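Only one structure is covered here, and it is reproduced in the block below.
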Amino acid sequence: MILLGKLVNTHGIKGEVRILSDFKYKHQVFQKGKHLYIGNDKLTINTYRPHKKYDMVTFDDINDINEVLKYKGQNVYIDKEEFVFEGPLNDDLIGLPVYDNNKLLGNVKDIASNPSQELLVLEDGTMIPMVPEFITDIKSDHINVKLIKGLKNEN
């Protein structure tokens, strides 16, 4: 299971919910007929619409606010096996070694987000923008980058 986000509230009286998510492949997940997992329940998406910073969703066979109140505040998951994503998931990048011209820079500790793009955060705190100018290749066992002078502190 992959964490998609959090169901933060209901909306209206007909069972629509607000999901807060920064998942990068939302356009593939939030589609009619796809499944979301909340607690022990597998729910099928009926409708989706973006609204401000939220992902608004209704589910098949749920038409009343009282049927979704129990999910308020819970995490929302997807089953990775149900999807083929167009690129790597952030969770898959954590721990991968990062190389610049065959020189090991370190391992990915985290993925940070800013308004412009995501950033690879290495164990030493170096942040590398995840844009084609810097990330040249992502493999299942390593990442190749091309850094410019000053991006990484050299001691």
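Just to verify a result, which residue in segment 15-42, among those that are out of contact with any strand residue (DSSP E or B) (no Cβ under 7 Å at 6 or more places or on another chain) and over 13 Å from Lys70 (Cα atoms), is surrounded by the fewest Cβ atoms within 10 Å (Cβ to Cβ)? In this case the residue turns out to be His27. Of the set (1) in contact (Cβ under 8 Å) with a residue 40 or more places away in the chain; (2) more than 12 Å from the chain's Cα centre (by Cα); (3) within 12 Å of Met56 (Cα to Cα), all apply to Ser21 but (2).
For segment 64-82, the set of residues classified as free of Cβ contacts under 8 Å to residues at least 60 places away in the same chain and exposed (fewer than 15 other Cβ atoms within 10 Å of the Cβ) consists of Asp64, Asn66, Glu67, Leu69, Lys70, Glu81, Glu82, listed by residue number.
Being closer than 21 Å to Asp137 by Cα, of a type in the set (Gly, Ala, Ser) and without any contact (Cβ under 8 Å) to a residue 40 or more places away in the chain is a property that does not hold for Gly39.
Among the residues of segment 100-120, those that are buried (at least 16 other Cβ atoms within 10 Å of the Cβ) and either touching a residue at least 24 places away in the same chain (Cβ under 8 Å) or outside any strand (DSSP E or B) (or both) comprise Asp100, Leu105, Val108, Glu118, Leu120.
Checking the structure you have, find out if any residue of segment 83-96 is touching a helix residue (DSSP H, G or I) at 6+ places or on another chain (Cβ under 9 Å) and without any contact (Cβ under 8 Å) to a residue 60 or more places away in the chain. Taking every residue of segment 83-96 in turn, at least one turns out to be touching a helix residue (DSSP H, G or I) at 6+ places or on another chain (Cβ under 9 Å) and without any contact (Cβ under 8 Å) to a residue 60 or more places away in the chain. In segment 125-142, the residues that are farther than 13 Å from Val108 by Cβ and among the β-branched types (Val, Ile, Thr) form Cβ pairs under 6 Å with partners that are surrounded by 10 or more Cβ atoms within 10 Å (Cβ to Cβ) and at pLDDT 90 or above, at six or more places apart or across chains, as follows: Thr136/Asn144; Thr136/Lys146.
The one condition from (1) out of contact with any strand residue (DSSP E or B) (no Cβ under 8 Å at 6 or more places or on another chain); (2) modelled with pLDDT of 95 or more that Val57 does not meet is (1).
Kindly provide the set of residues from segment 31-51 that are of a type in the set (A, V, I, L, M) and either more than 16 Å from Asn63 (Cα to Cα) or outside the structural domain of Lys70 (by TED's automatic domain parsing) (or both), ordered by number.
First, the residues of segment 31-51 that are of a type in the set (A, V, I, L, M): 36, 38, 43, 45.
Within segment 31-51, Leu36, Ile38 meet the criteria.
When Lys53 is tested against (1) surrounded by fewer than 16 Cβ atoms within 10 Å (Cβ to Cβ); (2) under 30 Å from Met127 (Cβ atoms); (3) touching a residue at least 40 places away in the same chain (Cβ under 8 Å), just one condition goes unmet, and that condition is (3).
The values are calculated or read from the model by the stated rules, or taken from the named source; none is laboratory data. Note that the structure is a prediction, hence the values are computed from the model and not measured. Every residue, glycine as well, gets a Cβ built from its backbone with ideal geometry; the counts of neighbours run over all protein chains shown.
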